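Reviewing the structure listed below.
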Amino acid sequence: MLEELDFRVLCFAMVPNHVHAVLHLPASSGLSLYKALELLHQRTAALARRHLHGQLPHDADFWQPGFHEYAVADAAELARIRQYVLAHPQRLRLAERFHDWPYLYTELR
């Protein structure tokens, strides 16, 4: 459903205790960012639980509540934010170079 609304994950960096993500939700989608993230959380939690095969208690929360929302002004700022997100594991000293961290994604559009 989110793909049909053109909700896109532009990039993300997943580290052991949190995720940084740059998302795009067009105004024409009819969804609030809160509702879109709720759907994204539900779907990713369900997939992760399947992969964990019962290692996580059924009643345990997969996602913590809350997120930070920041509107991007222009293409230059988007490039800066993407660079910040992709370099996050390196800043945490989880990888020497950002290419070395396996839990990164960036859209190639």
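The values are calculated or read from the model by the stated rules, or taken from the named source; none is laboratory data. Every value quoted in this text rests on a predicted model; they were computed, and no experiment measured them. Cβ atoms come from the backbone with ideal geometry, glycine included; neighbour counts cover every protein chain shown. Remember, those area values only see protein heavy atoms, side chains included, never the ligands or the DNA or RNA. Shrake-Rupley method; radii C 1.70, N 1.55, O 1.52, S 1.80 Å.
Inside the stretch 8-31, can you point out the residues that are over 12 Å from the mean Cα position of the chain (by Cα) and open to solvent by less than 60 Å² (accessible area, probe 1.4 Å)? Across the stretch 8-31, the qualifying residues are LEU25, PRO26, SER29, LEU31. Filtering GLU4, GLU38, GLU77 for residues that are under 25 Å from LEU108 (Cβ atoms), open to solvent by less than 80 Å² (accessible area, probe 1.4 Å) and among the acidic types (Asp, Glu) leaves a single hit, GLU77.
Within the stretch 85-103, the set of residues being touching a residue at least 40 places away in the same chain (Cβ under 8 Å) and out of contact with any helix residue (DSSP H, G or I) (no Cβ under 6 Å at 6 or more places or on another chain) comprises VAL85, HIS88, PRO89, LEU92, LEU94, TYR103. Taken over the stretch 32-48, the residue count meeting the criterion of being among the basic types (Lys, Arg) and either under 13 Å from the mean Cα position of the chain (by Cα) or within 27 Å of ALA95 (Cβ to Cβ) (or both) is 1. Scanning the stretch 81-109 for residues that are basic (Lys, Arg) and surrounded by 11 or more Cβ atoms within 10 Å (Cβ to Cβ) gives ARG82, ARG91.
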